[in-house]
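K.L.:
This is the structure I have questions about; it appears just below.
Values in this text are rule-based calculations from the coordinates and carry no lab data. Here the structure is a predicted model, which is why all the values come from computation and not from measurement. Every residue, glycine among them, receives a Cβ derived from its backbone with ideal geometry; neighbour counts consider all protein chains shown.
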């Protein structure tokens, strides 16, 4: 299987890269058991992700694209460092305001905002299945957090996931997304974050999990 492994930053998958390659090269194919894996570092945000994936898909056809990285959780019954699988991802900011009401792009009949993971290729581990939102500005205000929970009720948020799914949908590429929880969505307080644990747990799984596809 030819797999495109997609992450926003090098740091999120650095242990995986160092485990399989002595020198990181974005053009390099890594032979991992029966699979061939190419790594794509997109940069942070949906614009950078869409652009980078467009370039990648213009030059190659993949059997699977796998998006991994850290995420913030709206729910505290998900532990820091816990891995979740995103089955649905929503562009929650794409739309229009009508005074205090938000109208999504789909309600305006101007396009899609909801995207889903592959129903043909599956992750064997029983990770919690979640709904994500993809945002340009991560939530850190009590009022806006309350508003988005009432309107969408997402489990987690990232800055790339829905753009990743969109690019895969447009190119008819099977797509999966796994995230490791680094923080809770609350008034910004980095002292409550655990980035090292989130990165460790993500890469511990990825190093062996990539072989299972």
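K.L.:
Over the chain, with a Gaussian network built from C-alpha contacts below 10 Å, which listed residue (66, 202, 108) shows the highest mean-square fluctuation?
P.N.:
So, out of 66, 202, 108, the one fluctuating most is 108.
K.L.:
Same structure again: Calculate the FRET efficiency for residue 126 and residue 190 from the Cβ-Cβ distance with a Förster distance of 22 Å, rounded to the nearest 0.05. Let's see the in-between values first.
P.N.:
Numbers: r = 31 Å, r/R0 = 1.40.
Calculated transfer efficiency: 0.10.
K.L.:
Now, a different point. Can you say what percent of the DSSP beta bridges in the chain, counting only those with both residues inside, are antiparallel? Round to 5.
P.N.:
Working: 16 of 45 bridges.
Of the beta bridges lying entirely in the chain, close to 35 percent run antiparallel.
K.L.:
With a Förster radius of 22 Å, plug the Cβ-Cβ distance of residue 172 and residue 2 into 1/(1 + (r/R0)^6) and report the FRET value to the nearest 0.05.
P.N.:
E(calc), rounded to 0.05, equals 0.95.
K.L.:
How much length is gained if the chain between residue 34 and residue 19 is pulled fully straight, taking 0.36 nm per residue apart and subtracting their Cα-Cα distance, in nm to one decimal? List each step's numbers first, then the result.
P.N.:
Details: separation 15, 0.36 × 15 = 5.40 nm, distance 1.68 nm.
Difference between extended and current length: 3.7 nm.
K.L.:
Taking neighbour counts of Cβ atoms within 10 Å as a proxy for exposure, in what order, fewest first, do 144, 104, 73 appear?
P.N.:
On the way: 144 12, 104 20, 73 24.
Fewest-to-most ranking of 144, 104, 73: 144, 104, 73.
K.L.:
Fewest Cβ neighbours within 10 Å first, please rank 170, 93 accordingly. Write down the numbers at each step before the final one.
P.N.:
Details: 170 12, 93 16.
With the fewest neighbours first, 170, 93 line up as 170, 93.
K.L.:
Can you give the helix-only mean residue ellipticity at 222 nm for the chain, where every DSSP H stretch with n ≥ 4 adds -39500 (n - 2.57) and the sum goes over all residues, rounded to the nearest 500 deg cm²/dmol?
P.N.:
Numbers: 5 runs with 56 residues, N = 213.
So the calculated ellipticity at 222 nm is -8000 deg cm²/dmol.
K.L.:
Compare 158, 42, 171 in a GNM of the chain, Cα atoms joined below 10 Å, and give the one with the largest fluctuation.
P.N.:
Checking each option, the largest mean-square fluctuation is seen for 171.
K.L.:
Something else about it: To make sure I understand, if each residue's beta carbon is the centre and we count other beta carbons within 10 Å, what order do 76, 179 fall in, fewest to most? Don't skip to the answer; put the middle values down first.
P.N.:
Details: 76 10, 179 28.
Least to most surrounded, the residues fall as 76, 179.
K.L.:
At 0.36 nm per residue, and after removing the present C-alpha to C-alpha distance, how many nm does the segment from residue 47 to residue 76 gain when stretched out fully? Before the final figure, lay out each step's value.
P.N.:
Working: separation 29, 0.36 × 29 = 10.44 nm, distance 2.94 nm.
Between residue 47 and residue 76, full extension yields an extra 7.5 nm.
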